[in-house]
Amino acid sequence: MKHLIDIKHLTNDEILEITELAKFYEEQTLKGTLERKNTGSVALLFFENSTRTRFSFEMASKKLGFDVFNFDAQKSSILKGEGFYDTLNNLNAIGCDIAVIRHSREDFLQELSEKHYDYNLSLVNAGVGKASHPTQALLDFYTLQKHLKTVEGKKVVIVGDIIHSRVAKSNIELLNRFGAHVVCCSPSYFEDWTLTDAKYEPNLKTALKDADAVMGLRIQKERIETRIPYAQYIEDYQITNDNLPQSAILMHPGPVNRDVEIEGSILDSPRGKIIIEQARNGVFVRMAILNLLYKGVER
Ligand code: CP
């Protein structure tokens with residue numbers, strides 16, 4: 001691997017290699033035997049807000065021994081007119097080996113990955129617009145494997161704002177590849193008609209029947225210009241103690257808006273703990289990704 005831009009660029013073997021290495025890192029962390037032996041540098045360039053992704057990439061980098069640099073666009077020479085590709089090529093020349101980037105423009109990472117970098121920079125997509133969030137899908141897959149052993153034949157229900165969700169799109173792509181039965185559930189104003197790889201069921205009770213895993217999604221207010229009927233949405237689509245099947249694990253990529261997409265009290269109960277575990281699993285999965293990228297090309 002040179003870059004990690006999209007799930008579609010990864011083979012199933014590469015995905016399994018990432019989750020196996022993540023498992024190794026989780027075990028090493030638990031045993032206290034992790035070695036911080038990488039000598040490279042990681043730059044974090046976030047043009048949209050983030051808590052989990054940015055911190056877990058920073059934590060993953062530091063656990064592996066990488067130096068980490070946070071890029072502040074507002075204090076950078078981008079404000080003097082420098083283009084982002086030139087910025088990246090200069091950061092690479094200065095010594096950054098891997099650039100982790102979040103941006104609102106959907107083709108941004110793909111375009112950047114097609115450019116030449118003088119010292120072999122690797123790029124990682126940390127979430128672009130509504131289009132893709134591959135490292136979130138990989139950590140979700142890792143979490144599902146831990147709790148369900150396999151996703152093959154398992155019913156995974158994704159509930160909420162599907163159309164604005166990059167997490168949903170990357171998850172649908174990955175889970176389909178591994179034989180999961182993915183069902184999307186949302187009101188029509190959040191349905192994405194272009195997603196042909198997932199079944200759509202507008203009724204929450206019907207969708208949740210026999211679910212093995214339920215993923216809640218946040219309403220992405222920052223990407224929505226029209227008025228959302230929140231009270232009706234909560235009545236029809238909130239995941240609650242009553243409607244969450246006993247058979248299902250509950251997941252959410254975060255950030256959660258308590259009492260909107262999920263009844264707040266579930267989050268504080270044992271059934272809400274996997275959501276917090278997802279954030280922790282993200283560190284191990286991102287350690288695996290960084291290590292494979294660092295070793296994937298000559299530096
Ligand atoms: N899941 C996720 O991407 O969270 P952040 O926006 O906090 O990084």
So, R0 is 45 Å and r is the distance between the beta-carbons of D236 and H9; what FRET efficiency does that work out to, to 0.05?
0.75
When every alpha-carbon pair in the chain is counted, what percent end up more than 35 Å apart?
19
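Given a Förster distance of 30 angstrom, what is the FRET efficiency for Y85 paired with N257, based on the Cβ-Cβ distance and rounded to 0.05? Let's see the in-between values first.
On the way: r = 36 Å, r/R0 = 1.19.
For Y85 and N257, the calculated efficiency is 0.25.
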Can you give me the distance in nm between label points at S265 and E277, each placed 7 Å from the Cα along the Cα-to-Cβ direction?
2.3
In a GNM of the chain with a 10 Å cut-off on Cα contacts, which of H133, H147, H181 has the highest mean-square fluctuation?
H147
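Within 15 Å, Cβ to Cβ, of I275, how many net charges do the neighbouring residues add up to if Lys/Arg are +1 and Asp/Glu are -1?
Combined, the nearby Lys, Arg, Asp and Glu give +1.
At 30 angstrom or more along the helix axis (alpha-carbon based) and mean Kyte-Doolittle of 0.5 or higher, what helices does the chain contain? Whole DSSP H runs only.
Helices meeting the span and hydropathy rule in the chain are 273-296.
For the chain, what is the mean residue ellipticity at 222 nm derived from helices alone (per DSSP H run of n ≥ 4: -39500 (n - 2.57); sum divided by total residues; nearest 500 deg cm²/dmol)?
Details: 10 runs with 118 residues, N = 299.
-12000 deg cm²/dmol, from helical runs alone.
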Running a GNM on the chain with Cα contacts under 10 Å, which residue among Q238, Q220, Q74 ends up with the highest mean-square fluctuation?
Q74
If each residue of separation counts as 0.36 nm, what is the full-extension length gain between E152 and T226 once their alpha-carbon separation is subtracted?
22.9 nm
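For the stretch 134-277, take N as its residue count and report Rg(C-alpha) divided by 2.2 N^0.38 Å.
0.95
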For the stretch 28-67, what is the convex hull (Cα atoms) projected area averaged across all directions, in square nanometres?
3.1
So what is the relative contact order of the chain, in percent, for Cα pairs below 8 Å that sit 6 or more residues apart?
22
Which residue, chosen from L121, A168, C185, occupies the Cα position most advanced towards the positive end of the dipole of the chain, where the dipole is computed from +1 (Lys, Arg) and -1 (Asp, Glu) charges on Cβ about the Cα centre?
L121
Which one of E14, E277, E114 has the biggest mean-square fluctuation once the chain is modelled by GNM with Cα springs under 10 Å?
E114
Fraction of antiparallel bridges per DSSP, the chain only, in percent to nearest 5
5
Förster-model FRET efficiency, 35 Å R0, E298 and E48, C-beta, rounded to 0.05:
0.65
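All of the numbers you see were taken from the coordinates with simple rules; none came from a lab. Everything numeric in this text was worked out from a predicted model, so none of it was measured. Here the Cβ is made from the backbone with ideal geometry for all residues, glycine too, and neighbour counts use every protein chain on show.
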